[in-house]
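The values are calculated or read from the model by the stated rules, or taken from the named source; none is laboratory data. As the structure is a computational prediction, the values presented were derived from the model and not from experiment. Cβ: placed from backbone, ideal geometry, glycine included. Neighbour counts: every protein chain shown.
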Number of protein chains: 2
Amino acid sequence: MKRTSRDIRTAHRYEVLRQIIAASPTSRQELAAATGLSLATVATLVGELLGLGMLTEVGFEDSAGGRPRGLVAVDAAGGALIGVDIAETYVRAELFDLSLAVLARAEADMRPGETRPDQVAGRVAETVAAVVAPAGVADARVLGVGVSVPGQVDRERGVCQYAANWDWHDVPLLDLLAGHITYPLHLDNPLRACAVAELWFGAARGRGDAVVVNLGTGVGAGLVLGGGVHRGVSNSAGEWGHTTLVLDGRLCHCGGRGCVETYVGAPGIMLNLRELSPGSPLLHPGDQTATIDALARGVAAGDPLALKVVADTARYLGAAVSDLVNLLNPEVIVLSSWVAAALGEPLLREVRAVVGRHALKRPLAATEIVLSPVPTDPVCLGAATFALEGALSAVGRRPAPTGTAAPRAGTPSAPAGTRTAPPA
Amino acid sequence: MKRTSRDIRTAHRYEVLRQIIAASPTSRQELAAATGLSLATVATLVGELLGLGMLTEVGFEDSAGGRPRGLVAVDAAGGALIGVDIAETYVRAELFDLSLAVLARAEADMRPGETRPDQVAGRVAETVAAVVAPAGVADARVLGVGVSVPGQVDRERGVCQYAANWDWHDVPLLDLLAGHITYPLHLDNPLRACAVAELWFGAARGRGDAVVVNLGTGVGAGLVLGGGVHRGVSNSAGEWGHTTLVLDGRLCHCGGRGCVETYVGAPGIMLNLRELSPGSPLLHPGDQTATIDALARGVAAGDPLALKVVADTARYLGAAVSDLVNLLNPEVIVLSSWVAAALGEPLLREVRAVVGRHALKRPLAATEIVLSPVPTDPVCLGAATFALEGALSAVGRRPAPTGTAAPRAGTPSAPAGTRTAPPA
């Protein structure tokens, strides 16, 4: 409710930069037409972005007799962003330029015995260092680091409140990372990382209302509503994986029963396979990736069992996606993350067919269901976008004070979820 | 995405008036503090509302040495609004002043054999006439009529696309009504009427994110997100009654199975009762109201069967409400409409207990579950609010032309969903 004029201005700044990244070079007039903002507002925002070095003037366009219109484009070299994807089995970091092209990538395994918070923070720090060094990026050019960690995240305080896989409770991850990393840090989870990746660069761009369905080990739905990510009152919206699909159904690690995740997350799909054929060679016990890959190959080869598993999974997934269509009436539903990428078009086809039978006609007619078009790791891309959004929302704020104490997020001097460590 | 500066200004106008209605008299300074808008913006918007005669200046407040601050209040007599609730069994109209106090009320039965669109339009017209005449309201003071009709509504075109109870398909109800009613008309459904009633006058006021659960014959969830009603891309968001709670469960009239509505709508509750005790005297076959009232009396008297039916219903409702908590992470969930009103606190208590066991901790801690505090028919109140919103969004537009042809909604001269008939 209390959306301040600063919030509104930040949202407009996002919209204008998003549009420029989508269609560079472009004129202020085109930007006004594309965003619905006034030309005066666009001119002010473009001026700010030019001042930050994020944009560059690239000449003029003829306008049939009128005054020539100035063209602007993203200055890809105007800054760098780092996105970190902390997953159950690996840590991946990617370094991006301001056009969000990947400049460098580094990855480290997460060893099962080394998942204490300080160990994970150390692994992240090594991976970030590994990605910066070879790219030869001067420290000053890195605008920030976005970090995605699975679980429930308090982004304002930079705390991982709960991560089921490692039994983390209230881990102050951003404080731990600030001991190693001197760039501004931003924490959130994969659900929202995938949502902002689609919103800025993928199938949700230019859409008012979209749902990004995250199909991995865990399952969730990143909600883009009214042109922005819907976070909910305590940044935990999107826990669609823990909505009930089968009352009193399969037991879920959240303590509930019949949750969507227990049927369409990677372990749920493995169970769908095991129920059909306990001894199938497609099943790699304890190895989700190998099993999902084997299913994908089986489907490609026309294996009836693999086809049946995908059809069964789509029956669950289609019913749950229909719920999103009926409840939220979005323009597009995007299937994202590694399970969706692996099972691809065959899964999409089956899901579309099930939704066609389940959803109400009116919202169904308004909704597209697509695979994510983001060509790289959407979690790294989305995490880097958190850093970009952080840099944009900090425009006009006083710079964070330097000193021994990191400023608390939420104070007027630092944007929410940002932590800046003193220079080393 | 394409939220124009006009849309933003209209939203701000809603916010300011909402705040003034909540706390009259008030100063521009207090309004700026309460809404997060700048003092300059508030002053402009207050000026507009004064010019429309919706507000009145009511003196000054001392401000400890500073300049005295002007106070404004709603001018209750500055206009009248009519809300119409077309239900399965009745048509009710209420006339409100600008403080949204009820000035007059009229009701007519909907006879089973008389549910053709032209018959219903005629019944609505009679009811509206009945409410205006005795109140002695000059035509010019009626700012508009909001009409709620159950089903899927295309509000831009004023068409009832689908109403299950009467088997209506693509009925141009607003055009039919414009043949009888000369005030500006606005059409939507009970789901959204209850949501705007809570947003303007009830438990969702001042909340960024709220869900208004509508428990009647049909079931739905009006979504208030980011301080406004979330309508979805084709105005059909909120069809929570048709999300799956029990895969392959009870058959629903939508053609699906296991929909929430089949367990917690009034007919679903009757089935919950019948499954426990087919011959119970609490059961009034064919009469939903009598059965729900009998259950409410049974619960009050400690009847074990009635208590068990409410507990069973709460088990379904609580699981489905938990899904809303987990997916949307709202500040408040409001139980509204006649079934919620009839079963009241005992139902609320059971639902809270079930949600406490089902929902994830983080969103659960942030969410209140309450009964609607709106003391009158929330559908009439919400429908009248559509008319108020319509009047506010028309500010600064050219007045609709008069003549024989009603202007099409969607043309620049008329706000979406508005139809103005020529003067009789």
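At-a-glance table
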{"item": "Number of positions in the range A:219-250 that are under 21 Å from B:Arg357 (Cβ atoms), surrounded by fewer than 24 Cβ atoms within 10 Å (Cβ to Cβ) and of a type in the set (Gly, Ala, Ser)", "result": "2"}
{"item": "Candidate set from the range A:162-176 (those that are over 20 Å from the mean Cα position of the chain (by Cα) and in a helix (DSSP H, G or I)); member that is surrounded by the most Cβ atoms within 10 Å (Cβ to Cβ)", "result": "A:Leu176"}
{"item": "Selection status of B:Ala125, under 19 Å from the mean Cα position of the chain (by Cα) and closer than 14 Å to B:Ile82 by Cα", "result": "no"}
{"item": "Filtered residues of the range A:335-356 (kept if in contact with a helix residue (DSSP H, G or I) (Cβ under 8 Å, 6 or more places away or on another chain) and either within 14 Å of chain B (Cβ to nearest Cβ) or of a type in the set (Gly, Ala, Ser) (or both))", "result": "A:Ser336, A:Ser337, A:Ala340, A:Ala342, A:Gly344, A:Ala353, A:Val354, A:Val355, A:Gly356"}
{"item": "When residues of the range B:197-217 are limited to those that are more than 24 Å from B:Leu174 (Cα to Cα) and aliphatic (A, V, I, L, M), the one farthest from the other protein chains (Cβ to nearest Cβ)", "result": "B:Leu215"}
{"item": "Tally of residues being touching a Leu at 6+ places or on another chain (Cβ under 9 Å) and either in the same structural domain as A:Thr89 (by TED's automatic domain parsing) or surrounded by fewer than 24 Cβ atoms within 10 Å (Cβ to Cβ) (or both) across the range A:204-217", "result": "3"}
{"item": "Selected residue (only one of A:Leu45, A:Leu49, A:Leu17 is in contact with a strand residue (DSSP E or B) (Cβ under 6 Å, 6 or more places away or on another chain), outside the structural domain of A:Trp338 (by TED's automatic domain parsing) and assigned to a helix (DSSP H, G or I))", "result": "A:Leu49"}
{"item": "Failed item, numbered, when A:Val233 is tested on (1) in a loop (DSSP other than H, G, I, E, B); (2) in contact with a helix residue (DSSP H, G or I) (Cβ under 7 Å, 6 or more places away or on another chain); (3) not assigned by TED's automatic domain parsing to the domain that holds A:Cys252", "result": "(3)"}
{"item": "Number of the exception - B:Ile181 against (1) more than 11 Å from chain A (Cβ to nearest Cβ); (2) surrounded by fewer than 18 Cβ atoms within 10 Å (Cβ to Cβ); (3) in a loop (DSSP other than H, G, I, E, B)", "result": "(2)"}
{"item": "Filter result for B:Leu55 (outside the structural domain of B:Val142 (by TED's automatic domain parsing), over 28 Å from B:Val145 (Cβ atoms) and crowded, with 17+ Cβ neighbours inside 10 Å)", "result": "no"}
{"item": "Complete set of residues in the range B:54-78 that are part of a loop (DSSP other than H, G, I, E, B) and modelled with pLDDT of 90 or more", "result": "B:Met54, B:Asp75"}
{"item": "Matching option when the condition is of a type outside the set (Phe, Trp, Tyr), within 21 Å of A:Leu177 (Cβ to Cβ) and buried (at least 17 other Cβ atoms within 10 Å of the Cβ), among A:Glu114, A:Glu94", "result": "A:Glu94"}
{"item": "Some residue of the range A:112-131 being in contact with a Phe, Trp or Tyr (Cβ under 7 Å, 6 or more places away or on another chain) and either among the small types (Gly, Ala, Ser) or on the phi > 0 side of the Ramachandran plot (or both)", "result": "no"}
{"item": "Residue that is more than 8 Å from chain B (Cβ to nearest Cβ) and in a strand (DSSP E or B), where the choices are A:Gly220, A:Gly241", "result": "A:Gly220"}
{"item": "From A:Gly258, A:Gly232, residue being more than 7 Å from every other protein chain (Cβ to nearest Cβ) and not aliphatic (A, V, I, L, M)", "result": "A:Gly258"}
{"item": "Residue within the range A:301-317 that is within 14 Å of chain B (Cβ to nearest Cβ), in contact with a Lys or Arg (Cβ under 9 Å, 6 or more places away or on another chain) and under 18 Å from A:Arg349 (Cβ atoms) present", "result": "yes"}
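The rows are residues; the columns are (1) free of Cβ contacts under 8 Å to residues at least 60 places away in the same chain; (2) within 14 Å of chain B (Cβ to nearest Cβ); (3) part of a loop (DSSP other than H, G, I, E, B).
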| site | (1), (2), (3) |
| --- | --- |
| A:Glu114 | yes, no, yes |
| A:Val124 | yes, no, no |
| A:Thr127 | yes, no, no |
| A:Ala133 | yes, no, no |
| A:Leu191 | yes, yes, no |
| A:Ala195 | no, yes, no |
